[in-house]
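The numbers here are math on the coordinates, done by the rules we state, and not lab data. Keep in mind that what you see is a predicted model, and the values were worked out from it rather than measured. When we count neighbours, we look across all protein chains shown, and the Cβ atoms used for this are built from the backbone with ideal geometry, even at glycine.
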Amino acid sequence: MTWFLRNWDQVAIALWEHVTISLTALSISFAISLAVGIVAARHQRVYAAAIALAGFLYTIPTLAFLALLIPVVGLGRTNAIIAMVAFSLLILIRNVATGIRNVPFEIVDAARGMGMNARQVLARVELPLALPVIIAGLRVAAVTVISVTVAAAYVNAGGLGTLIFNGIATDHPPKIWAGALTACALAVGVDLSLAALERTLRRRRTA
Amino acid sequence: MFVDAWQYLLLHRAQFATAFGVHVTISASALLLAAAIAIPAGVFAARKAGAALAAINIANIGRTLPSLAVLALVLPLLGTGFAPSLVALTLLALPPILTHTIAGLQGVEADVVDAARGMGMTPSQVLRQIETPLAIPVVFAGLRTAAVQVVSGAVLAAFIGGGGLGDFITAGIAMMAMPQLLVGAIPVTLLSLSTDYLFGTLERRLTPRGIR
C-alpha cells in the first residue's frame, strides 16, 4: 500500500497507457465488426464464414498469438493491438449480426412502407433497435481487450502488465499487487458501467 | 524459420515432452478441480433463486478479471511453481462452469418437470432422468469455455514458474529466438484448438436425441 501511495504517478501512467491501447484496439475492432456484422446479418454464408474465422482466432492462446506475431510485426504496440482486435472480433461480429436479425420484420416492413430506403432503414431503424445487443457485445469485448492488454506488456506494449512483469522480475510484491489489482478494478469498472448503459438502453426501448 | 523450429524441436525432444506433459496435466487438473467444485455448487444454487442470483453475480465479476492478473496475485500469496499455478487456473475455470450449470438447470422447463412428477417420478428420479440429461449440453458448453480458457491461461502460468509450453514462448521472446518461440506457440495453439473441438464433439454427443 505504501509503495502504491509513493508511486501512484507510475501507476497512473501505466493505467493511462492501458486505457489508450485498449480503446484503440476496441475502436478498430468495432469498426470492422460493424461492417462485417451488417453484411453478415443479411447473408447466412458470410455470417458462417466470419464466425468460423473469428472463432478460430478467439481460441488461440493469448501469449501464443502475441508470440506468433513477433516474426511478422516485431515487438511493440502494433503487435498487441492486432492481437486484441483478433480476440474481440468474434463477440462483436456475433452481437452486431444477432442484434440486427432480432429486429422484428414488421417494423422493418413498416419503415420501408413509409418510403425509407435501405440505408435509412439501417441507420434509423435497425441499428438503434439493435443497440442494446451491440452494447452487450461491446461490454464483453472491452473486458477481453483489457485482459489481453495485461499480457501484452510482455511484448513491450506498455500498460499495467508492465508493473506486474517488473514486479515479478525484481521480486517486488507491492508492484505486482498494484499492477494486478488496478487491472482487475479497471476490468470490473468498465464491465459494470457498460452493463448499466445496456440496462438503460433496454429500458428506454421497452418504454 | 519453420525448418529451424523443427530442428530445435528434434534437438530438445525430452524438454518438449516434459513441457507438453506439464501443460496437459496442469490444465486437466485445474479443469477437474473446478468442475468438482462448481458443478455441485451450481446444482445447489440453482434450487434457490437468491443463491443463484448471488452465485451468478460473483461468477460474472470473476469472469472479468484478467487471467494474468489472477496468476500474478497468487504469486505473492503462494509463491511460484506448479501448485500456485494450479490454484490460479482453477479459480479462472470456476465462473463459466458455475454459471452454465445454473443456467442449464434453470433452463429445464417447469412443464417437463411437472409432467415427470405427474408420471409418479420421485425427486431423485426427476433429477437423474429428466433434469440432468436436459442440462448436460449447457454444462458441457461451460466446461468447453473453461477448458479453452485454462489451456490458454496455462501458457501465462510460465510467468509464475508453472512450467508448460509457455516456457518456450517466454524464453523465445526474452532471447528473440524465433525457433524456440514457435516450438512453444504452435503446439499450444493446436492444443487449444483440439481442446475446443474435443469438447464441442462431447457436447453434441451428450445432447439427448430428443432435443438435438
Nearest 10 degrees, 0 to 90: helix A:62-73 Cα axis against chain A principal axis
90 degrees
Hypothetical label at residue A:197: residues of segment A:50-67 whose amide nitrogen lies under 12 Å (7 Å Cα-Cβ projection):
none
Mind checking the angle between helix A:77-101 and chain A's longest principal axis? C-alpha axes, 0 to 90 degrees, to the nearest 10.
30 degrees
Rounded to the nearest Å, what's the spacing between the alpha carbon centres of segment A:36-70 and segment A:132-207? Just the number, please.
21 Å
May I ask which residue of A:122, B:72, B:192 lies farthest towards the positive end of the charge dipole of the protein assembly as shown, with charges of +1 (Lys, Arg) and -1 (Asp, Glu) on Cβ and the Cα centre as origin?
A:122
Please work out the Cα center distance from segment B:1-34 to segment A:72-98, rounded to the nearest Å.
26 Å
Would you mind listing how long chain B runs along its three principal axes, going by Cα atoms, in whole Å with the largest first?
68, 38, 22
Hey, what D do you get for segment A:132-207 in µm²/s if you plug the Kirkwood alpha-carbon radius into Stokes-Einstein at 10 °C and 1.306 mPa s?
116 µm²/s
For chain B, modelled as a GNM with alpha-carbon contacts under 10 angstrom, which of B:148, B:126, B:43 fluctuates the most?
B:126
I want to verify a result. In a Gaussian network model of chain B, Cα cutoff 10 Å, which of these has the top mean-square fluctuation: B:172, B:42, B:164?
B:172
Grab the other residues whose beta carbon is less than 13 angstrom from that of residue B:12, score K and R as +1, D and E as -1, and report the net.
-1
Between residue A:105 and residue B:36, what FRET efficiency comes out of the Förster formula 1/(1 + (r/R0)^6) with R0 = 41 Å and r the beta carbon distance, rounded to 0.05?
0.30
Select from A:102, A:166, A:117 the residue whose mean-square fluctuation is largest in a Gaussian network model of chain A (Cα-Cα springs shorter than 10 Å).
A:117
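About the Cα centre of the protein assembly as shown, how large is the charge dipole given +1 on each Lys and Arg Cβ and -1 on each Asp and Glu Cβ? Please answer in debye to the nearest 20. Intermediate values should be presented prior to the final figure.
Values: 27 positive and 16 negative charges, 200 e Å.
That gives the protein assembly as shown a dipole magnitude of about 960 debye.
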Unit charges on C-beta of K, R, D, E only; dipole of chain B, Debye
360 debye
Kirkwood calc, chain A, C-alpha pairs only, radius in angstrom 18.6 Å
Quick one: compute the contact order of chain A, relative version, from alpha carbon pairs under 8 angstrom and 6+ residues apart, as a percent.
28 percent
Check every DSSP H run in chain B and write down those whose alpha carbon atoms cover 15 angstrom or more along the long axis and whose mean Kyte-Doolittle hydropathy is 0.5 or greater.
B:13-46, B:49-64, B:67-78, B:82-106, B:132-156, B:178-205
Cα-centred dipole magnitude for segment A:2-206, charges only on beta-carbon of K, R (+1) and D, E (-1), debye, nearest 20:
660 debye
How far, in degrees from 0 to 90, does helix A:173-206 lean away from the longest principal axis of the Cα atoms of chain A, to the nearest 10?
10 degrees
Using +1 at the Cβ of each Lys and Arg and -1 at the Cβ of each Asp and Glu in segment A:2-206, identify which of A:71, A:176, A:188 lies farthest towards the dipole's positive end.
A:188
Given an 8 Å cut-off on Cα distances and at least 6 residues of separation, report the relative contact order of chain B as a percent.
28 percent
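Please give the length that would be gained between residue B:171 and residue B:58 if that part of the chain were fully extended, namely 0.36 nm times their separation in residues minus their C-alpha to C-alpha distance (nm, one decimal).
Length gained between residue B:171 and residue B:58: 37.1 nm.
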In whole angstrom, note down how far apart the Cα centers of segment B:108-127 and segment B:42-102 are.
32 Å
